[in-house]
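Participant: One structure is given below, represented as structure tokens, and several questions about it will come after.
The values are calculated or read from the model by the stated rules, or taken from the named source; none is laboratory data. All values reported here derive from a predicted model rather than from experimental measurement. Here the Cβ positions follow ideal geometry from the backbone for every residue, glycine too, while neighbour counts run over all protein chains shown. Just the protein is used for accessible areas: all its heavy atoms, side chains included, with ligands, DNA and RNA removed. Shrake-Rupley method; radii C 1.70, N 1.55, O 1.52, S 1.80 Å.
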Amino acid sequence: MSNSWQSALARWTTAGVVDAALAARIRAWEAEHGSDAGRSRLALIAFGLGGLLLIAGVMLFVAAHWDDLSPSGRFTLVLAMIAVAHLGGAFAAKSSAALSATLHAVGTGALGAGIYLAGQIFNMAEHWPGALMLWSFGAAAGVLLLRQWPQVLWLAVLAPAWLCGEWVEAQHAPMFSAELTPVAVGQLLLACAYLAARSPELDASWRRALAWLGALGLIPAAVALATTGFDEWRPQRGSLEEVSTGMLVIGWGLAFALPLALAWFLRGRDAVWLLVALAWALLVPRIDTSHDAGDLGLLALMALGATGIVLWGVKDRQRLAINVGVLGFALSVIFFYFSSIFDKLGRSLGLIGIGVIFIGGGWLLERMRRRLVGRIAGSRP
């Protein structure tokens, strides 16, 4: 037990909140079981890193000996690579659930490599989103059969990647182009749905994993959405006006319907708040950033969106959402400073200003974040 924990228990005993007998029982229980959580986290970290290293080593081994194998040998190796990982996960299920989940996750990762390698072995027609589709189906089967959070993460990453790939392939859209606006909107809404997957009443491990995935992807998704509206990124052949009406209906329909349906599945009636994110996402690409007022408007909208995430975190009592919103607001202020103020001050004054922003603004934001986190912690039953 940590010294701070023991001192807190001593204060509670002195204040009469906890009697001496109960304090003794707590100390005895913690002495026997208190380190289990730390060992569990350490085991999860070790299994996660080991799984990544294992699959990387397998891929390197296969790549090094690929030219020496016949097509039948290559295909056998691909199948064995997938089967060994999943069989190992099945055998480890009785002794260690974490090890079993790790090996099954490695098997699902090896499935994707196997699909692409099989396509190369048999010279299949090149359509790279199709491989992501098959990989997504494999991850979906893993979710249904195994009910493990790594499989949920695989599916949460692969299924959107497949749909985005189909749109990019169908439109031959360059990066950061206006044709990618439906993709960017859909990714942002999906990140918001993932972030809202967890609540104080719904705290399963797969929900926590989805919430972390949404937290990691929300800010990059917002930046990607903003870049689709930049005039300098627009392709020479035109914009969304040249895309067929049928494709626009399908693209925008999936961008709206899938995140909303997922949010409804995850949170029920609380999914209605995703409509606010939808309105924000539709407004961002419409801002004309060819002049200074447009840049300021975009950054103000980004700061407003970050504030909305913070308010959602307070309402939903989610510290992760508050942290993401505070980080997004801080990045909006920094981008505003560098885009609109830094060049006008000169190098020395500009550096002094950014230092003041980092120190003073960081202190204020951290103080506000701690107050909000403390408020939601105090409001929990």
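Participant: So, restricting to helices (runs of 4 or more DSSP H) that lie completely within region 257-366, which ones have at least 1 residues that are over 23 Å from Ala156 (Cα atoms) and open to solvent by less than 30 Å² (accessible area, probe 1.4 Å)?
Facilitator: Working: elements: 274-283, 292-316, 319-336, 342-345, 347-356.
The helices (runs of 4 or more DSSP H) meeting that bar are 292-316, 319-336, 347-356.
Participant: Answer yes or no as to whether Ile322 is modelled with pLDDT of 85 or more, in contact with a Lys or Arg (Cβ under 7 Å, 6 or more places away or on another chain) and of a type in the set (A, V, I, L, M).
Facilitator: Values: modelled with pLDDT of 85 or more: yes; in contact with a Lys or Arg (Cβ under 7 Å, 6 or more places away or on another chain): yes; of a type in the set (A, V, I, L, M): yes.
When the stated conditions are applied, Ile322 passes them.
Participant: Hey, Gly294 hits all of (1) without any contact (Cβ under 8 Å) to a residue 24 or more places away in the chain; (2) under 27 Å from Ala161 (Cα atoms) but one; which does it fall short on?
Facilitator: Condition (2) is where Gly294 drops out.
Participant: Restricting to region 284-314, what's the tally of residues that are over 23 Å from the mean Cα position of the chain (by Cα), more than 27 Å from Met368 (Cα to Cα) and not basic (Lys, Arg)? Steps first, answer last, please.
Facilitator: Initially, region 284-314 is screened for residues over 23 Å from the mean Cα position of the chain (by Cα), giving 286-298, 300.
Among the residues that remain, those that are also more than 27 Å from Met368 (Cα to Cα) are: 286-294.
Add one more test, that the residue is not basic (Lys, Arg), and what stays is 287-294.
Total meeting the criteria: 8.
Participant: For Phe75, state whether it is open to solvent by less than 80 Å² (accessible area, probe 1.4 Å), at pLDDT 70 or above and assigned to a helix (DSSP H, G or I). Write out each step before concluding.
Facilitator: Numbers: open to solvent by less than 80 Å² (accessible area, probe 1.4 Å): yes; at pLDDT 70 or above: yes; assigned to a helix (DSSP H, G or I): yes.
In short, yes.
Participant: Across region 181-232, what is the total count of residues that are of a type in the set (D, E, K, R) and in contact (Cβ under 8 Å) with a residue 40 or more places away in the chain? Spell out how you get there, then give the answer.
Facilitator: Quick first cut of region 181-232, residues of a type in the set (D, E, K, R) only: 198, 201, 203, 207-208, 231-232.
Narrowing the set further to residues that are in contact (Cβ under 8 Å) with a residue 40 or more places away in the chain leaves 198, 207-208, 231.
Within region 181-232, residues that are of a type in the set (D, E, K, R) and in contact (Cβ under 8 Å) with a residue 40 or more places away in the chain number 4.
Participant: Here is a list: Leu190, Leu210, Leu180. Which entry is assigned to a helix (DSSP H, G or I), closer than 22 Å to Arg286 by Cβ, among the aliphatic types (A, V, I, L, M) and within 12 Å of the chain's Cα centre (by Cα)?
Facilitator: Working: Leu210 fails: closer than 22 Å to Arg286 by Cβ; Leu180 fails: within 12 Å of the chain's Cα centre (by Cα).
So the residue among Leu190, Leu210, Leu180 that is assigned to a helix (DSSP H, G or I), closer than 22 Å to Arg286 by Cβ, among the aliphatic types (A, V, I, L, M) and within 12 Å of the chain's Cα centre (by Cα) is Leu190.
Participant: Oh, and also: Just the residues that are surrounded by 21 or more Cβ atoms within 10 Å (Cβ to Cβ) and either modelled with pLDDT of 90 or more or touching a His at 6+ places or on another chain (Cβ under 8 Å) (or both), please, taken from region 191-214. Spell out the reasoning first.
Facilitator: Just the residues of region 191-214 that are surrounded by 21 or more Cβ atoms within 10 Å (Cβ to Cβ), to begin with: 191-198, 210-211, 214.
Ala191, Cys192, Ala193, Tyr194, Leu195, Ala196, Ala197, Leu210, Ala211, Gly214, listed by residue number.
Participant: Counting only residues that are hydroxyl-bearing (Ser, Thr, Tyr) and either open to solvent by 30 Å² or more (accessible area, probe 1.4 Å) or closer than 30 Å to Asp203 by Cα (or both), give me the helices (runs of 4 or more DSSP H) lying completely in region 83-173 with at least 3 of them. Steps first, please.
Facilitator: Working: elements: 97-121, 128-146, 149-171.
The qualifying helices (runs of 4 or more DSSP H) are 97-121.
Participant: Filter region 273-296 for residues that are at pLDDT below 85 and not acidic (Asp, Glu) and give the result. Step through it out loud before you land on a result.
Facilitator: So in region 273-296, the residues at pLDDT below 85 come out as 285-296.
Matches in region 273-296: Pro285, Arg286, Ile287, Thr289, Ser290, His291, Ala293, Gly294, Leu296.
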